Amino acid sequence: MTQRTFSIIKPDAFRKGHTGAILAEIEKAGFGIVAIKRLSISKAQAEGFYYVHKERPFFASLTQFMSSGPIVAMVLEKDNAIADLRKLMGATNPANADEGTIRKKYAASIEENAIHGSDAEDTAKFEIGYFFAGYELA
Ligand code: GDP
């Protein structure tokens with residue numbers, strides 16, 4: 001069944017000029033782009049997005065990083081989109097990511113790991129709504 005997921009090209013990948021290559025991988029894997037935008041977020045906006053991680057030791061560093069430069073936020077669509085994007089992304093730590101995954105190719109570290117993808121239906125719904133208004137998804 002067609003499913004939507006939410007993804008971000010993170011500041012490290014944007015800064016290094018990997019946006020086009022990552023988008024090409026996403027399209028090659030069969031995802032449709034429902035909505036897409038380049039923007040910069042504040043530290044407070046990054047904290048709201050990652051609030052589930054607020055007790056983690058890396059929360060301050062992660063939200064600093066995510067607000068350090070432009071990002072590309074997008075809503076993607078295909079069958080099994082949530083799990084398939086996670087597979088295409090690879091493990092959180094690029095050192096553990098499989099060959100051919102986006103993080104293996106483009107991520108520098110466990111924090112600066114190039115791409116975000118929702119991990120479940122409920123988080124996808126929250127994350128899409130955090131960045132996109134209903135009219136942008138019509
Ligand atoms: P994801 O679902 O694979 O993105 O991983 P998580 O939801 O566990 O973590 C969210 C994000 O926090 C990751 O994508 C990384 O950018 C960052 N992160 C996760 N674990 C660590 C860590 O141990 N140290 C640091 N500095 N950042 C981390």
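The values are calculated or read from the model by the stated rules, or taken from the named source; none is laboratory data. None of the values given here were measured: they were computed from a predicted structure. As a convention, Cβ positions derive from the backbone with ideal geometry for all residues, glycine included, and neighbour counts pool all protein chains shown. Quick note on the areas: whole protein, heavy atoms, side chains included, nothing else; ligands and nucleic acids left out. Shrake-Rupley method; radii C 1.70, N 1.55, O 1.52, S 1.80 Å.
Numbers for the structure displayed
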{"read-out": "Yes/no for F6 being crowded, with 21+ Cβ neighbours inside 10 Å, closer than 25 Å to K105 by Cβ and of a type in the set (F, W, Y)", "value": "yes"}
{"read-out": "Test set (1) surrounded by fewer than 21 Cβ atoms within 10 Å (Cβ to Cβ); (2) within 13 Å of the chain's Cα centre (by Cα) - G90 fails condition number", "value": "(1)"}
{"read-out": "Pairs where the first residue, in region 36-50, is closer than 11 Å to F131 by Cβ and free of Cβ contacts under 8 Å to residues at least 12 places away in the same chain and the second is in a strand (DSSP E or B) and of a type in the set (A, V, I, L, M), C-beta under 8 Å, 6+ apart", "value": "none"}
{"read-out": "All positions within region 25-76 that are more than 14 Å from the ligand (Cβ to nearest atom), outside any helix (DSSP H, G or I) and open to solvent by 60 Å² or more (accessible area, probe 1.4 Å)", "value": "I33, I36, R38, S40"}
{"read-out": "Subset of region 102-138 [within 16 Å of G48 (Cα to Cα) and either more than 11 Å from the chain's Cα centre (by Cα) or aliphatic (A, V, I, L, M) (or both)]", "value": "D122, T123, A124, K125, F126, I128, G129, Y130, F131, F132"}
